[in-house]
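First up is the structure itself, then whatever we jot down about it.
Laboratory data are not the source of any read-out in this text; all were calculated from the coordinates shown. Bear in mind the structure is a predicted one, so any value in this text is a computation, not a measurement. Using ideal geometry, Cβ is built from the backbone for each residue, glycine included, and neighbour counts are taken over all protein chains shown.
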Amino acid sequence: MFSKFINTAAVATFFLLTGCATQTKMPFSGPDNAAVNADKSVYLMTATIKNIHRTSHQPKAIVMHVEKGEAKESADRINYTMDALAKAETDTPAGSTYYLRMELDKGEYVIRGITGMSSSFPIHGMFFTPIHAKLVPTTPGIFYLGHVEAVARKRNENEFKAGPSIPLIDQAIAGASTSTFDITISDQWASDEASFKSRFPVLNGTTIQKSILPAFDREFAQQWWAAH
């Protein structure tokens with residue numbers, strides 16, 4: 001019963017944070033691990049999220065937010081929900097790692113970030129890991145975008161927060177409102193390849209091209225946070 005309450009609270013908080021959006025399953029999430037449409041562009045990436053500011057409050061990812069164009073309608077805001085195959089979660093200071101997949105039509109997109117939640121009874125904190133990376137699918141295929149390392153550490157002065165300020169007590173104790181994220185994007189395909197192909201056998205024998213995201217733009221993330 002308690003776990004159901006926590007899940008309900010997480011979903012309610014998530015909708016308050018993200019507004020209207022289209023909930024979407026990641027590709028390869030079905031029991032048959034079915035291949036994707038040959039006309040689509042599929043993107044793979046990994047993300048590790050950890051909290052070194054309050055190590056007993058480790059965020060667990062709920063959704064990855066992707067926006068199409070100017071995201072004026074709910075259909076243009078795509079929320080990829082975490083499935084069992086995406087998760088390699090721990091409660092240790094090492095944090096949790098996620099195997100993320102996106103299937104997109106041609107267009108202009110932004111990987112806005114990842115919403116997560118820490119649960120250390122009785123405190124539950126909501127976190128937002130910013131990414132703000134542009135994607136422009138032009139040709140079908142499978143592409144690896146790299147690894148996002150997101151480390152929540154103590155916030156200095158007016159640095160963007162790792163989560164909202166409300167509710168005040170929970171967010172402060174969890175470290176969401178008193179920390180910021182340091183974000184590093186790197187090419188970890190040498191280790192990620194085996195993990196992806198083990199989790200998603202449909203990838204074996206397929207051609208996967210690298211398209212590593214640019215370095216995290218902290219200045220833009222700061223401006224975006226101030227405007228939102």
Averaging over all projection directions, find the projected area of the Cα convex hull of the range 97-228 and quote it in nm² with one decimal place. 9.6
With the crude spin-label approximation of a point 7 Å out along Cα→Cβ, what separation in nm comes out for Ala227 versus Asn158? 1.6
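Quick one, can you get me the convex hull of the C-alpha atoms of the chain expressed as volume per residue in Å³?
Per residue, the Cα convex hull of the chain comes to 124 Å³.
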Ordered by residue, what ³J(HN,Hα) values in Hz, to whole numbers, does the range 99-114 give under the Karplus form 6.51 cos²θ - 1.76 cosθ + 1.60, where θ = phi - 60° and Gly and Pro are x? 9, 9, 9, 9, 10, 10, 6, 4, x, 10, 10, 10, 7, 6, x, 10
Between Thr184 and Lys134, 0.36 nm times their residue separation minus their Cα-Cα distance comes to what? 16.4 nm
Using amide H atoms built in the peptide plane, which far-off residues or other-chain residues are under 5 Å from Gln188 H to H? His147
Using DSSP, restrict attention to beta bridges with both residues in the chain and report what percent are antiparallel, rounded to the nearest 5. 70
Lysine pairs in the chain with Cα atoms under 19 Å, if 8 or more residues apart or on separate chains: 27
Which helices, counted as full DSSP H runs in the chain, have an axial Cα extent of no less than 18 Å and a Kyte-Doolittle average of 0.5 or above? 2-18
Given charges at beta-carbon only (K, R positive; D, E negative), |dipole| of the chain in Debye: 340
Would you please give the FRET efficiency between Ala38 and Thr81, computed as 1/(1 + (r/R0)^6) with r the Cβ-Cβ distance and R0 = 30 Å, to the nearest 0.05? 0.80
For the range 71-85 and the range 130-183, what is the separation of their Cα centres, given in Å? 17
Lys60 long-range amide H proximity, modeled H, under 5 Å: Met117, Ser118
Before anything else, pin down the relative contact order of the range 2-221: Cα pairs under 8 Å, at least 6 apart, normalised by residue count, whole percent. 22
What spacing in nm lies between the two simple spin-label points modelled at Ala215 and Ser165, each 7 Å away from Cα in the Cβ direction? 3.1
